[in-house]
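Taking it in order: structure first as structure tokens, then the write-up.
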Amino acid sequence: MADRVLSQQEIDNVFKKLRESGDDPEKKAQIYDFRRPDRIAKDQLRAIHQLHENFARNLASSLSAYLRAYAAVNLVSVEQVSFVEFTQILPAPTSLIALGLKPYDSNAVLEINPSLVFPILEMLLGGTGKAAVKIEREITEIEQSILEGLLRIILNDLRSTWSAVAAIDFSIEAHETEPQLLQILAPNEAVVAISMEVRIGESSGMMNIGIPSIIVKMLRQKFDQQWSVRKTQSTDEEQARVLRLIRPSTVHLDARLEGPRVGVKELLDLQEGDTLAFDYPIERPVDFLVNGRLKYRGEVVVTGRKRAFNVLEMVKES
């Protein structure tokens, strides 16, 4: 077969049909950032959000007991950013702690704002934590050693919270005050940034945690096992097992003639020979209640020497 060459008219018709269909290839294209290959799925982000909501509640209780003052911890945001973007939003100077993530070969970051650190230091040294002057300086080595007890509480609650997913040993590996000097991850490496607002008395400040996204991706299957709701069809053996469990249970059955009501006074005034009219037609079904809830309608019958209930219809719940 000889090669067929399209005419200019045929080529113009093809482009005309594309324009009329409204399919614009540029609108379907999605921007992909090759500098962030370790981004995680949105459902996993939601799971991490729920995980650290539990962490915030536990930490609030722990800080209140440790500092003997009312503490409130609120989860502000959970998002994916590059490590350089994470460090750029942190104040300088600040309190930065490089965390080990054993048994995984990586590091995380814990940052506590100075607006929170110095009031806590004052409370630990016997003060009220109501600093009149805002302190903006680096934390000294002595002050870092005083904060060791606070960091142990934070890491213990963090370790306990993450134990629902994986056994991670969060440990302190280094202290730093300038975010730009903390070179534990590559600048373009993706991290999960978790921001929390901590209020202790009249003082408040932010606490930020940065966890490498590659670690979260490695735990994807464990996240799914913990939070995913999987729908499975029950087998005959499972149905038989459930039936054995509920067989010993008992229910209260009650057949009622829902007719006119009589007051207590009229009931007490009844004498021998009086007639009480129920005003209930014979053809009208009787209500049948199961544990006090209307389930069926039918009629009262006799089977042998026993009374029984013949179900005529099932009542659908409104």
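Looking at the square roots a ≥ b ≥ c of the eigenvalues of the Cα gyration tensor of the chain, which shape do they give, rounded for a/c under 1.5, prolate if a/b is larger than b/c, or oblate?
oblate
Pairing the Cα long axis of helix 114-124 with the longest principal axis of the chain, what angle in degrees results, from 0 to 90 and rounded to the nearest 10?
80
If neighbour count is taken as other Cβ atoms inside 10 Å, put Ile11, Ile211 in order from fewest to most.
Listed from fewest to most nearby Cβ atoms, that is Ile11, Ile211.
Quick one: order Met123, Met218 by neighbouring beta-carbon count within 10 Å, fewest to most.
Fewest-to-most ranking of Met123, Met218: Met218, Met123.
Could you work out how far helix 8-21 tilts from the main Cα principal axis of the chain, as a 0 to 90 degree angle to the nearest 10?
Helix 8-21 sits roughly 60 degrees off the main axis of the chain.
Report, to the nearest 10°, how far helix 42-67 tilts away from the longest principal axis of the Cα atoms in the chain, using its own Cα long axis and a range of 0 to 90°.
For 42-67 against the chain, the angle is about 80 degrees.
Given a cut-off of under 8 Å on Cα pairs at least six residues apart, what relative contact order in percent is computed for segment 42-227?
About 35 percent, as a whole number.
If we count every other residue with Cβ under 11 angstrom of Asp169's Cβ, Lys/Arg +1 and Asp/Glu -1, where does the sum land?
+2
What percent does the relative contact order of the chain come to when contacts are Cα pairs within less than 8 Å and at least six residues apart?
19
Which whole-angstrom value gives the distance between the alpha carbon centres of segment 299-318 and segment 91-163?
One Cα centre to the other: 70 Å.
For a quick check: sort Asp269, Asp157, Asp254 by the number of other beta carbons within 10 angstrom, fewest at the front.
Lowest count first: Asp269, Asp254, Asp157.
Rounded to the nearest 20 Debye, what is the dipole magnitude of the chain about its Cα centre when Lys and Arg each give +1 and Asp and Glu each give -1 at the C-beta?
Roughly 1020 debye for the chain.
Subtract the Cα-Cα distance of Arg68 and Glu197 from 0.36 nm times their separation in residues, and report this length gain in nm to one decimal.
Contour length minus the Cα-Cα distance gives 44.6 nm.
Given R₀ = 45 Å, what would the calculated FRET efficiency be for Lys222 paired with Leu245, taking r from the Cβ atoms and rounding to 0.05?
0.90
Under a 5 Å amide H to amide H cut-off, with H placed in plane at 1.01 Å, what residues pair with Val81 once short-range neighbours are removed?
Val191, Ala193
Every number here is computed from the coordinates shown, using simple stated rules; none is lab data. Everything numeric here is computed off the predicted structure, so don't read it as measured data. Note that we place each Cβ from the backbone using ideal geometry, even for glycine, and neighbour counts take in every protein chain shown.
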